[in-house]
Amino acid sequence: MDRRDFLKMSLSLSAMAFLDDPNHWSVSRATAADSPVSPASPPYTNDALEPYISARTLEFHYGKHHQAYIDNTQKLIVGTEYAGLSLKEIIQKSSKNPEHAAIFNNAAQSFNHEFLWKSMKSGGGGEPKGRIGQAIEKSYGSHAQFQKEFSHAAMTQFGSGWAWLVQDGAVLKVIKTANADTPMTQGLTPILTLDVWEHAYYLDYQNRRADYVRAYLDHLINWSFAESNLTG
Ligand SMILES: [Fe+2]
C-alpha cells in the first residue's frame, strides 16, 4: 500500500466512524448546507433534548423527515424558475402558484423544521426574561396566559400542523397552521414554533400530545432565539 492508498483508507475509516456515531448529523447534510435551500444543522446533538424529546425521535425527525423535505426541494427546483433562489424566496413564490404545491410544501417544511430546532434548547422553557419577557407581558398580560393560548393552539390543530408565536406589527400572537403552512406567507414574523405532526412526538408520547406541549413550554423553549426574532 503506497502513501496515497493509506490516506484514502484512513479517510474512509474516519467517514465510516462519523456515520456510525448516532450523535452526529449525516454527511449528506453537510453537502446540502452548500445549497440555498438547505438549513444549518440543529445547534445540538440527537440526545440534547432528552428526556423530553428522545435521541431516537430526533434521529428520525431530523435525519429522515426534515432531510427528506430538503432533498425533495432540491430535486423539485432543478431546471425551474426556483433554482438559485433562497429558501424564503422559494416559499413566497411557490405559495402564490397552486401548481407548484409540491415545491411549496417541501420548501416550507424545510424552513419550518429549521425554525423548530432553533426554537428549542436543552434547559429551556419556563418564564421569559428581558425584552421577550416584556413583549409577552405586553401582549398576553402574563406568561401563564401565553402558555394557555399556545397550548390551546397546539392542542386544537386538527391533524398535522404547527403552533406558532408570531409578531404582527407591535404585538405578539399565537396562531396555528395546517400541514406545511408557514406564517411568513401571511406577512407575519415567526418568533417560536412547535411541530404538532405526529412524527414529532409519537415515539415518545404516543397519543399524549398535551404532555409533549407541556414539556416544550416548561423545559424546551429557547427564549433567546425568540428574542432574536423580535423586530422593531
Ligand atoms: Fe416535523
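The values are calculated or read from the model by the stated rules, or taken from the named source; none is laboratory data. As the structure is a computational prediction, the values presented were derived from the model and not from experiment. Every residue, glycine as well, gets a Cβ built from its backbone with ideal geometry; the counts of neighbours run over all protein chains shown.
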*Name the pairs whose Cβ atoms lie under 7 Å apart, with the first residue in the range 45-72 and under 17 Å from Tyr216 (Cα atoms), the second among the hydroxyl-bearing types (Ser, Thr, Tyr), and 6 or more positions between them or separate chains?*
Ala48/Ser122; Leu49/Ser122
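Restricted to the range 68-102, and to residues that are in a loop (DSSP other than H, G, I, E, B) and hydroxyl-bearing (Ser, Thr, Tyr), which residue is surrounded by the fewest Cβ atoms within 10 Å (Cβ to Cβ)? Walk me through it before giving the result.
So in the range 68-102, the residues in a loop (DSSP other than H, G, I, E, B) come out as 78-86, 96-97.
This time we only want the ones that are hydroxyl-bearing (Ser, Thr, Tyr), so: 80, 82, 86.
Working: Thr80: 13, Tyr82: 20, Ser86: 10.
Looking at residues that are in a loop (DSSP other than H, G, I, E, B) and hydroxyl-bearing (Ser, Thr, Tyr), I get Ser86.
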*What are the pairs, 6+ residues apart or on separate chains, where a residue within the range 178-200 that is at positive phi has its Cβ under 9 Å from a residue that is acidic (Asp, Glu) and surrounded by fewer than 24 Cβ atoms within 10 Å (Cβ to Cβ)?*
Gly187/Asp168
*Spot the failing condition for Leu13; the list is (1) at pLDDT below 95; (2) within 16 Å of the ligand (Cβ to nearest atom), and only one is missed.*
(2)
*Of all residues in the range 79-119, which are acidic (Asp, Glu) and more than 16 Å from the ligand (Cβ to nearest atom)?*
Glu81, Glu89, Glu99
*Do any helices (runs of 4 or more DSSP H) entirely within the range 120-209 hold 1 or more residues that are farther than 20 Å from Leu220 by Cα and either more than 16 Å from the ligand (Cβ to nearest atom) or among the charged types (D, E, K, R) (or both), and if so, which?*
130-140, 143-156
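Considering only residues that are of a type in the set (Asp, Glu), within 23 Å of Ala215 (Cβ to Cβ) and surrounded by fewer than 20 Cβ atoms within 10 Å (Cβ to Cβ), which ones fall in the range 150-201? Give the derivation first.
Of all residues in the range 150-201, those of a type in the set (Asp, Glu) come to 168, 181, 195, 198.
Those still in the list that are within 23 Å of Ala215 (Cβ to Cβ) too: 195, 198.
The one that is of a type in the set (Asp, Glu), within 23 Å of Ala215 (Cβ to Cβ) and surrounded by fewer than 20 Cβ atoms within 10 Å (Cβ to Cβ): Glu198.
Tally the residues that are aromatic (Phe, Trp, Tyr) and under 24 Å from Pro128 (Cα atoms), restricting the search to the range 157-189. So that I can check it myself, show each step before the final result.
Looking only at the range 157-189, we keep the residues that are aromatic (Phe, Trp, Tyr), and these are 158, 162, 164.
After this cut, where a residue has to be under 24 Å from Pro128 (Cα atoms) as well, the list is 162, 164.
Adding up the residues that qualify gives 2.
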*Can you tell me how many residues in the range 45-54 are within 16 Å of the ligand (Cβ to nearest atom) and out of contact with any helix residue (DSSP H, G or I) (no Cβ under 8 Å at 6 or more places or on another chain)?*
0
